[in-house]
Amino acid sequence: MTTETPSTSASTENRLAARQWVDAFNARDDEGEADARTADYIGHAPDSMHLPALDSEAWVAFLGAFVEGFPDLHLEVQDTVADEEMNAQRILFTGTHTGHFRGLPPTGRKVRFSGLEISRMIDGKAAEHWFQMGTLTMFEQLGLRVVPGPRLLPRLMTAPLMKLSKKWRR
């Protein structure tokens, strides 16, 4: 009688590979983080950031801005779902703003915000990566407030007046 060792499924391998990618980031293991991506890796930042697709070099620069502003930035994988091609993770970001970040001098404030990441995996490496982050939450925790732009401000100011005028006309 022979027994065969069951092979690890591709979905399990993708889940583990994606977690190792996060672990490499947390350890500031640049080589391990790079090894988790394919040579032709492409990252897609949230549309609100107005960034082009990120190749490996641009991805490293993107991460570098976060690490400069939040040297203790830590990612905690809270949930993971994977199949043979894709991996999705819900991630909690925590850190302290002790360095310059996107033009903002250090505030010493702690941040805690959520993110979602979806990666297309090839041979246990991230080939393409989409991510969303709670940047509004992060900026509010840093003491910043979102102020409406010049096109939205008049509409926000006149909307309550329009509602009142409709009531008065009745």
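The values are calculated or read from the model by the stated rules, or taken from the named source; none is laboratory data. Here the structure is a predicted model, which is why all the values come from computation and not from measurement. Note that each Cβ is placed from the backbone with ideal geometry, even for glycine, and that neighbours are counted across all protein chains shown. All accessible areas refer to the heavy atoms of the entire protein, side chains included, with ligands and DNA or RNA removed. Shrake-Rupley method; radii C 1.70, N 1.55, O 1.52, S 1.80 Å.
Full extension of the chain segment joining Leu161 with Ser48 gains 37.7 nm, where the gain is 0.36 nm per residue of separation less the Cα-Cα distance.
Computed about the Cα centre, the dipole magnitude for region 54-145 is approximately 660 debye when only Lys and Arg (+1) and Asp and Glu (-1) carry charge, each at its Cβ.
Each of Ala10 and Thr98 was given a label point 7 Å from its Cα along the Cα-to-Cβ line. The distance between the two points is 4.4 nm.
Ordering Phe70, Ser11, Ala34 by Cα displacement along the dipole of the chain toward the positive end leaves Phe70 in first place; charges were set at the Cβ atoms of Lys, Arg (+1) and Asp, Glu (-1). Long hydrophobic helices in the chain, taken as whole DSSP H segments with a C-alpha length of 18 Å or more on their own axis and mean Kyte-Doolittle hydropathy at least 0.5: 56-69.
With the charge dipole of region 97-148 set up from +1 on Lys and Arg Cβ and -1 on Asp and Glu Cβ about the Cα centre, the Cα lying farthest toward the positive end among the listed residues Thr135, Val111, Gly124 is that of Val111. Placing Val67, Val81 in order of accessible area, with the largest value first and a 1.4 Å probe, yields Val81, Val67. Remark: spin-label model distance Ala58-Ala127 equals 1.9 nm, labels positioned 7 Å along the Cα→Cβ axis.
Here the dipole of the chain is about 2300 debye; that uses its Cα centre as origin and unit charges on the Cβ of Lys and Arg (positive) and Asp and Glu (negative). Straight-line cross-link partners of Lys110 among the aspartates and glutamates, defined as a Cα under 18 Å from its Cα and at least 8 positions apart when in the same chain: Glu68, Asp72, Glu76, Glu140.
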